[in-house]
Structure formats: C-alpha cells, structure tokens
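The values are calculated or read from the model by the stated rules, or taken from the named source; none is laboratory data. Here the structure is a predicted model, which means the values were calculated and not measured. Keep in mind that these areas ignore ligands, DNA and RNA; they rest on the heavy atoms of the full protein, side chains included. Shrake-Rupley method; radii C 1.70, N 1.55, O 1.52, S 1.80 Å.
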Amino acid sequence: MLLEEKEAEKMEEMQDYEQYEDEEGYQINRYEITTYVTQRSIESLIKWVDKKKIIIPDFQRDYVWPISVASKLIDSVLLNLPIPNIFLYKVMKDGDEVYYVVDGFQRIQTLKYFKENSWSQCSNIKEGINEESSSRYHPFRIKYKSSEWYGKTYQMLSNDDRFNFDEYSVNLTIFEQSNPKNKNSMFEVFERINTGSDKLSEQEIRNAIYPGVFLDKIREFAKIDEYQKMIENDSFMKKRQNYVELFLRFVSYYYAYSHNFEVVDFKITTSKKDTLNNVCEFFNKNSEEVYGRYLEDVKKAIQTIMEFLPEAVYGRKRNEKSISKKIHAVFAEALVIAVIKNNFEIKISKEKFNQFKIDFWETEKFEQHFVQQTTTSRNVIERVALLLEVINDEYKDSRI
C-alpha cells in the first residue's frame, strides 16, 4: 500500500472514531503544580522500588534495552558522567507519599539489573525473579567494548567502583498537583510524554492511573458475550482497550444523563477524556452499591440491542449507502441510553432502523449532534431524545 493511501486510511479511522472530540471547545485549565529536582543514590533508588515507594505503572512497557545500550549507561555511571533525569509524579496513597515513574523506567531497571547481577531483555521490573522466570535471567556483564570494565559484573568490580556505583547520585524531577484535587495533570503528562511509535491508548493509561474495583468491574462487564459479539467486526475496538473505554463511556454518560448533568460529586466537562477520568476517580472511592445498577442497565441495554440488530451501533460506510463494520461511539452511546430510558424496548423494525441510519448520516442534524461538540451535555441530551423517537418509530423528518 502506498504511503499516501496508508495516511488516508489512518485519517479516516481517526475521523470515524471521534478522535478529535476533546479538541472541540476544550481548553486545559492551568494546573497548580509544584516541580522540583532532588537526588537519590542508586542504592537508595533501588530500595525505593523494592519497597513500592517508586511505582512502575502497569502501562509501562517491558524492558526493551539491548545489553549494549544497558552497558553504556552503566559505563557512564562508573565514569561519573551525568545521565538523564528520571521523571516522577508524587501522589498520596493510603497516607504515604509514593512516586509514579513517568519517564526513566528503562534506566531504573538497568541500574537494578546491574546491581542484582540479573539481566533479561524480555522482562519487567514489576515481575521480579522467581523460579519460573529465573531461566530467562543471566549475569549482567558489561558489553560496551570501549569500557574500562568490559566483561565485568557488579560483583567483579573493585570495592571502590562498587561504592561509587552505589553512591552515584541520580537526578529525580518530581512534580505534584495541588489543584484541582484529581489526577488529570498526571494523565496529561503521561499522555504527552507517550510519543513512541507504539502509542498507548487513553484507556491503557487510565487503567494505570485509576486502578480500583470500579475499573475492574468495567473490564469484567466488557467481556460479556453480547458485548464481545457487538464489537467483533470492529478491528479498532479490539485494540488497545478501546472496547473497555467504550463500555466506560456508556456507563459514565448514562450516569451523568440520569442526574441531569448536575452531578456534584465529580466534574462533567466538555472533554470526554476528563469526564471518564473523573468518573473513574469518583467511583473508585465508592462501593458497588453506588454504580452497580448503572453497569447492569448498560449490560441489559446491550443485550436488548443485540437481540434487535447486532449491527445497530455501527455507522454508515463513508461515501456508500450501506452499514460499515466500524462502531460509531457517539451514536452507540446515545442508543444505549435511549434503550435504557425506553425500558429496554425497541419498536422500530430492523429494516427501517438501518434505512434511518443510511439516510440520517447525510443530514445537517447528524453533523450537529453526532459530529460537532459531541461531549456537551446539551448535545448528549438531544441525541438521546432523537433516538428515543427513532426506536419508538416516531421520528419524523422531511429529509428522510
């Protein structure tokens, strides 16, 4: 495939999945953040990791440095040359200060591997060494050919060299957010620093920043058979936890809709990203009694929709009058909420519903409510009202 065709295909996919929702009328408010640089010896840094004072988020990738790159870092330390700062985010957890690694995971793991004389390229620091994984590890010998310490392990260094390695000062850039009282700046930093070729999705980052029973439940419900069948034709939804985010979106906007978007416990913003983050943070602090029925209602709505028409949440093919194999998240969200509000009834025929979608996709109303400013409360409410009319076979429009 030509490069131009690949770019066009990628752009079409991004447009189909409303990747720009957060850019419409959304401006990040200035955060109150304190940033400072401190130092820790390598020995202290490794102890912090072992004691879970420094936390490696779940989304951090496996250790990928080849031995040559890892050896060069160790050589720099032994030569007392500066190495790049490690970037940490400070939060309070169960009354204690902990630090999430934003940037520097590969460096931390390299230092830890050398100190412990166990190196494996295909592993990660969270796993640790056990009987099952120990066969993958082997002694960490410096393989940087121009190094004075070529071929040596930590234990083979002189006493002075080991002392200098242990006491080497690593610069830590630490930041903490004092206002607003949430983790949104943490999400922003993780997302913006995540610029590799294999970028993490928002939901993968969210899974790491907002761990808890609520997101565990979301992932559990997202595995129900009917929902998996709903997304099975959509290759995008099956990647990078996108199907989990879609289910989270259903629950979040249904909860907000049910409270007339006047929820005081968490902030509903014109940013889908912030709203989903805020919902996770809020529900993680509450029991299942608070959010359980919303999960069950969404589950029942999905079952109703699948019994009615498996392709109901799919959009229309671009430039063709037929149904695509790509879920339209905004349409799906409105349909799920409408089905719940209609007591899980759909009165329109399958044929008429599909024809409605094919014709409606070309109207100005579709552009207004399903493409532009999709995350405003007014638009969410108007979309649900429209689809309530549709599923009750009451929708009238002279252009359709």
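For a test of the definition: using alpha carbon positions, the gyration tensor, and the 1.5 limit on a/c, classify the stretch 246-352 as rounded, prolate or oblate. Prolate.
Within the set 51/239; 217/321; 217/273; 115/273, which residue pairs have Cα atoms separated by over 31 Å? Result: 51/239; 217/321; 115/273 exceed 31 Å. Residue ranking by accessible heavy-atom surface, 1.4 Å probe, largest first, among 271, 76, 349 comes out as 349, 76, 271.
Shown are 53, 143, whose ranking by accessible area with a 1.4 Å probe and every protein chain present, most to least, is 143, 53.
Centroid-to-centroid, using Cα positions, the stretch 101-122 and the stretch 60-93 are 7 Å apart. Counting only heavy atoms of the protein chains and using a 1.4 Å probe, residue 395 has close to 40 Å² of accessible surface.
If you sort 202, 320 by accessible surface, 1.4 Å probe, largest first, the order is 320, 202. Per residue, the stretch 194-334 exposes 42 Å² of accessible surface when a 1.4 Å probe is rolled over the protein heavy atoms with every protein chain present. Solvent-accessible area assigned to carbon and sulfur over the stretch 310-390 amounts to 42 percent, based on a 1.4 Å probe.
Rolled with a 1.4 Å probe across the full set of protein chains, the surface gives residue 216 an accessible area near 80 Å².
Straight-distance candidates among the lysines for linking to residue 396, with alpha-carbon spacing under 18 Å and chain neighbours fewer than 8 residues away dropped: 347, 350, 352, 357, 365.
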